[in-house]
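The values are calculated or read from the model by the stated rules, or taken from the named source; none is laboratory data. Treat the numbers as computed from the prediction; the structure is a model and nothing was measured. As a convention, Cβ positions derive from the backbone with ideal geometry for all residues, glycine included, and neighbour counts pool all protein chains shown. Remember, those area values only see protein heavy atoms, side chains included, never the ligands or the DNA or RNA. Shrake-Rupley method; radii C 1.70, N 1.55, O 1.52, S 1.80 Å.
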Amino acid sequence: MAEPTTTPATAFPGRAVVTGAAGFIGSHLTAALLRNGTSVVGIDRRDPATAPAALTDAAADGSPLHHHVRTDLLTCALEPVMQGADVVFHLAGIPGVRPSWGRQFSEYVHTNILATQRVMEAAARTAVRRVVVASSSSVYGPAGGTPSAENALPQPVSPYAVTKLAEEQLCFAHAARADCPTSVVALRYFTVYGPGQRSDMFIHRTLRAALTGQPLRLYGDGQQRRDFTYVDDTVAATVAAATAPGGSGIVNVGGGSNASLRDVVDIAQSLTGREIRIHRVTVCPGDVPATLADPRHAQRLLGWKPSVDLRSGMFQQLHFLAAQEHRATVGHGEA
Ligand code: NAD
Ligand code: UGA
């Protein structure tokens, strides 16, 4: 795995709680915090050892600074876990734009909104100084290809995006109470990728199609553009948000490479030397044509700029995925 891109100047908190710690971004964040001496309590419904993101990271493996609580945020007692934490990184969530239309919508509401309410109540009661919450570029809606600044009017066009907007605004409502000692930084992540990326996401599926020869399902014409953001860059911004000066606010975490889905396919083909078979299907409702972050506020507030370009980041993800596929094949062979 690539070395973390956090600069030496980044201040790491002494004690942190990470919700969603067994997830894609949460597991990278946990590993980076542990590598830099932060004591971490991870909370997740899943066991990080068996989660799909499963990083084989020595820092997270058996570290005396690491404690994982496998539980549901909707029901567990949160105050004992948060006691003494300098920061809560609230990354647990039900992600994914397309499935949010159907019966699963109640799950989005439960975790993205109701669990967030519990997190904020517990953080305020235990006087946690800062909550950093994972919001989403999807709250902007179709931005017409122009850069989205944090003060743009949100126009979410999927049920998922509506819950993410509600999630960040709910956090701000708590933080605005006169008796709340907690400030909130909501990070609007833009399509994050890298080793361990969720298997429903496009770059994962493209690299997998290249490795296995199975067809890639492409929604629409492939001209959709995303501000693809490498996971180590995302983690660097997230850590910086823990100690960012000032009070509550929103920060875009996006960029590194603005590219189309066709560009992603081309890079995957060139990295693997294999042709990808494409199966075109109708574009899904709620899928925006383009995202593009206005990066200026992140630069000013966090001193953060993305540093990994799409080809280098996809190379790291391909390496991870190939090793995972290899372990699965060998495992099956031995069974
Ligand atoms: P992920 O699904 O890999 O991780 C989320 C984790 O939250 C999972 O491990 C899941 O088990 C856990 N979780 C969900 N509900 C829970 C509950 N009730 N109690 C305990 N644990 C629970 O997703 P990810 O891609 O790592 O995304 C992390 C966060 O970032 C999410 O909030 C997502 O909405 C947001 N986000 C992600 C992206 C992206 O491109 N990946 C972009 C924008 C925003
Ligand atoms: C991603 C994450 O999945 C969301 O959790 C997150 O909130 C969002 O980024 C964000 O930036 O806020 P998305 O941009 O839709 O959402 O990322 P992908 O799921 O990787 O999809 C990217 C594009 O590829 C979309 O246009 C989608 O339609 C397309 N796609 C995806 C396919 O053509 N085929 C697939 O199999 C998967």
- Message: Suppose each label sits 7 Å from its Cα in the direction of the beta carbon; what would the GLN214-ASP61 distance come out to in nanometres?
- Response: 2.7 nm
- Query: Once amide H atoms are placed 1.01 Å from N in the peptide plane, what residues at a sequence separation of 5 or more from PHE228, or on another chain, have their amide H within under 5 Å of its amide H?
  - Reply: SER257, ALA259
- Message: Could you report the accessible area of CYS76 in Å², rounded to 10, computed with a 1.4 Å probe on the protein chains as they sit in the structure?
- Response: 20 Å²
- Message: Please report the accessible area of GLU325 (heavy atoms, 1.4 Å probe, ligands and nucleic acids excluded) in Å², nearest 10.
- Response: 50 Å²
- Query: Expressed as a whole number of Å, what is the distance separating the alpha-carbon centroids of region 156-212 and region 272-326?
  - Reply: 15 Å
- Message: Let me check something: with ligands and nucleic acids excluded, how do PHE12, PHE89 order by accessible area (1.4 Å probe), largest to smallest?
- Response: PHE12, PHE89
- The correct ranking of LYS305, LYS164 by accessible area at 1.4 Å, largest first, is LYS305, LYS164
- Task: Sort 142-150, 129-137, 24-32 for me by packing, meaning the mean count of neighbouring Cβ atoms within 10 Å per residue, highest on top.
- Result: 24-32, 129-137, 142-150
- Compute the FRET efficiency between SER270 and ARG103 as 1/(1 + (r/R0)^6), taking r as their Cβ-Cβ distance and R0 = 30 Å, and round to the nearest 0.05. 0.15
- How much of the calculated P(r) for region 17-138 lies past 18 Å, in percent of all Cα pairs? 50 percent
- Could you list which residues have their amide H under 5 Å from that of ALA293, counting only those 5 or more apart in sequence or on another chain, with H placed in the peptide plane? SER148
- So for SER63, SER248, what's the accessible-area order with a 1.4 Å probe, most first? SER248, SER63
- Note down the accessible area of ASP72, probe 1.4 Å, to the nearest 10 Å². 40 Å²
